[in-house]
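Below is one structure, written out as structure tokens; the observations come after it.
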Amino acid sequence: MNNINLDLSSLGATFRRERLAIGLTQAEVAKKAGLRRETIIQLESGASTSATTLIQAVAALGKALAIIDRRLDYDRLDEVFSEDR
């Protein structure tokens, strides 16, 4: 688990950008998520939060979390490097 890079400040900034893009205040998101406004402030500032809280907050934006495979695509790498030859 030590190899996983948790960039909570980036996550918080992305959450804030999404919230602002859809025109919701922190208080509105908190109410929709069943959370306190202070929790949304902490999330946006990059503070650690539980997975449940994050899921509730993201859902209040009408969004969802996704698990993306970040492993190297060796076929794609071979294709890219073969173009250089």
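Computed from the coordinates by the stated procedures, all read-outs in this text should not be read as laboratory data. Small disclaimer: the values here were computed from a predicted structure and weren't measured. When we count neighbours, we look across all protein chains shown, and the Cβ atoms used for this are built from the backbone with ideal geometry, even at glycine.
Observations
- Most positive-pole-ward Cα, Val58, Ile22, Ser9, against dipole of the stretch 1-65 from beta carbon charges: Ile22
- Two-site label geometry, Asp7 and Ala66: point separation in nm, points 7 Å out along Cα→Cβ: 1.8
- Of the three principal axes defined by the Cα atoms of the stretch 1-65, the extents in descending order read 35, 21, 20 Å.
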